[in-house]
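Presented below is the structure to which this report refers.
The values are calculated or read from the model by the stated rules, or taken from the named source; none is laboratory data. Since the structure is predicted, the reported quantities are computational estimates derived from the model, not experimental observations. Using ideal geometry, Cβ is built from the backbone for each residue, glycine included, and neighbour counts are taken over all protein chains shown. Side chains included, ligands, DNA and RNA excluded: accessible areas come from the protein's heavy atoms. Shrake-Rupley method; radii C 1.70, N 1.55, O 1.52, S 1.80 Å.
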Amino acid sequence: MTQATRILAIDQGTTSTRAVMFDAAGHALASEQIPLRQIYPRDGWVEHDADEIWLAATKVCRAVIERTGGIGRGDMGSVAAIGITNQRETAVIWDRATGRPIHNAIVWQDRRGAAACEALRAAGHEPLVQARTGLVPDSYFSATKATWLLDNVAGARDAAAAGRLAFGTIDSWLLWNLTGGKVHATDATNASRTMLVDIATGRWDDALLDLFRVPRAVLPEIRDTAGVFGATDAQLFGRAVPVAALVGDQQSALVGQAGFREGMIKSTYGTGCFVLVNTGARQLASTHKLLTTVAYQLNGQRTYALEGSIFNAGTAIQWLRDNLRLVGHAGETEALVRAIEDAPPRVHFVPAFTGLGAPYWDSEARGAILGLTRDTSAAEIVRAALEAVCFQTNDLLDTFRRDGMPPPGVLRVDGGMVANAWLVQALADITGVPVERPAMTETTVLGAAFLAGLGVGVFADLAGVESAWRRDLRTEPRLDPARRSSRIDGWSAAVARVRGRT
């Protein structure tokens, strides 16, 4: 174990940028968060200002450093490393000389590449993409975003061919800036989400680069998830600090949930919902439109996961708050739904604001609230939004089973939404699986800290990380099986209507 034992973790998410300082036992010592502006140029398009992300990252890091010792003070020497976790598929391209982005970052939710992906499928390229990447051709992933930027920003293709541009997901963008432009790299988890990597070899794939017309010259180096990538510019935080982990947010949550054994499963509820099951050294190919991805890579060895991705979870509550004004803040939802616990559910809310993810992958679907009557209350709509998260999770668990995974013994949940204990119980009832909530529900940022600790020796191995995981709540299913089946049938009918099948 190194003498310095504090770890600074950056969680650059879809709706905010946050930094948390942890001690070696995984306890949060200080936290700071800044909301991230969402940019919607047109229907289905979502962008972020990459410069705004970088500025926010420096602000939150400085804030937690000041609160736990201060920049330039002796306590800063106790910070052993920085770990970064990030919204995964969001793509940015910047000028290597100036460090300035050539365009806003294109967010993972963005659908502008849908037509290009449909053309790839029509041309028969889907089997190649899925076999090499473990992914399905979809604009969710980074490849079509990079293609769009290169094709639509004036002069970008020529500059890329000349080696003047750098492409990356947000981890690469932050690393580049933290190191003063010295390091252009990513890790295996983020690289596996670009749709440009052969996940069997862990390398950029020439056939995929040709297919998406992305020049190799713009790409970052792919490295292990934990290990020293470089050091921060000393002027940023008073001294140079090793950046010792990069990890995609959902893989980071799996680590934060200590999901190191094959078959362990976690579900994260933030902007979207993401369920990952650890498949060990196996690349389990899905026949039901789930994704095979890299869970983490340590010492050159890749551990894989099977993943189901739901595009809209917390966004449904945000929409009810911001657009319909049904709640003042997300924390009100639990009291609202508990007040109508005895009322029979009559409303379904399918939050397909930007299409449906796994297992449907329907980019044309749009959201709907079904079953409204004159006496429908705000609380019923809120309950339907929360239950939509549970039904979508059950869709994914059912798909895992159809792909050959054994039923999970427990579902570990995390993310901001699971502060709502009613939702945790509803998840157990609708999925029929016991649910565990950890003491630290923000496991995404915790996972980045654990991995950075591994990268510099604060933790000797994964067993040391596992010992730091603590449970806060466990709930058992209480819903009658017949009633559960009926509720699931009602949800399936609502989804069919949204997809235009009835």
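Its residue count N sets the reference 2.2 N^0.38 Å, and the alpha-carbon radius of gyration of region 435-479 equals 1.42 times that reference.
For region 354-423, the share of alpha carbon pairs falling in successive 5 Å distance bins from zero is 3, 12, 18, 20, 20, 16, 8, 3, 1 percent. Size descriptors for region 158-251, from the alpha-carbon set: Rg then Dmax equal 13.9, 45 Å. Binning all Cα-Cα separations of region 387-502 at 5 Å, short to long from zero, yields these whole-percent fractions: 2, 10, 17, 18, 17, 14, 10, 6, 4, 2, 1, 0.
Rg over Rh for region 410-463 works out to 1.13, both radii taken from alpha-carbon positions and Rh defined as the Kirkwood radius. For THR333, the shell of other residues with beta-carbons less than 15 Å away shows a net charge of -2, using +1 for Lys and Arg and -1 for Asp and Glu. Would you mind computing the Rg to Rh ratio of region 1-142 from its alpha-carbon coordinates, Kirkwood style for Rh? With Rh from the inverse mean 1/r over Cα pairs, Rg/Rh is 1.10. For LYS289, the lysines whose Cα comes closer than 25 Å to its Cα, not counting residues fewer than 8 places off in the same chain, are LYS145, LYS266. Distance between the pseudo-spin-label points of HIS329 and ALA207 (7 Å out from Cα toward the beta carbon): 5.2 nm. Its convex hull of Cα atoms gives region 221-272 a direction-averaged projected area, equal to a quarter of the hull surface, of 5.5 nm². Potential lengthening of the chain between VAL410 and LEU372 amounts to 10.2 nm, from the contour at 0.36 nm per residue minus the alpha-carbon distance. Taking the empirical scaling 2.2 N^0.38 Å for compact globular proteins as reference, region 157-207 has a Cα radius of gyration ratio of 1.24.
For the Cα trace of region 309-441, dividing Rg by the Kirkwood Rh returns an Rg/Rh value of 0.96. Among 328-335, 371-378, the peptide with the highest mean count of other Cβ atoms within 10 Å heads the list, and the full ranking is 328-335, 371-378. Based on every Cα atom in region 295-351, Rg and the maximum pairwise Cα distance Dmax equal 18.2, 54 Å.
Between ARG470 and LEU55, the simple label model (points 7 Å from Cα in the Cβ direction) yields a spacing of 3.8 nm. Counting protein heavy atoms only, region 1-135 has 50 percent of its accessible area on carbon and sulfur, 1.4 angstrom probe. Working note: 222 nm ellipticity from helices only, DSSP H runs with n ≥ 4, each -39,500 (n - 2.57), summed and divided by the residues of the chain, gives -10000 deg cm²/dmol to the nearest 500. Converting the Cα gyration tensor eigenvalues of region 110-223 into ellipsoid dimensions via √(5λ) gives semi-axes, longest first, of 23, 17, 12 Å. Within the chain, which DSSP H helices have Cα atoms that stretch 30 Å or more along the helix axis and a mean Kyte-Doolittle hydropathy of at least -1.0? Both cut-offs are met by 378-402. Direction-averaged projected area, Cα convex hull, region 241-363: 11.3 nm², rounded to one decimal. Cα-Cα pairs above 16 Å in region 175-229: how many percent? Above the 16 Å cut-off, region 175-229 has 43 percent of its Cα pairs.
Rounded to the nearest Hz, the phi-derived 3J(HN,Hα) couplings of region 270-280 under the Karplus curve 6.51 cos²θ - 1.76 cosθ + 1.60 (θ = phi - 60°) are x, 4, x, 10, 9, 10, 10, 10, 6, 10, x, where x marks glycine and proline.
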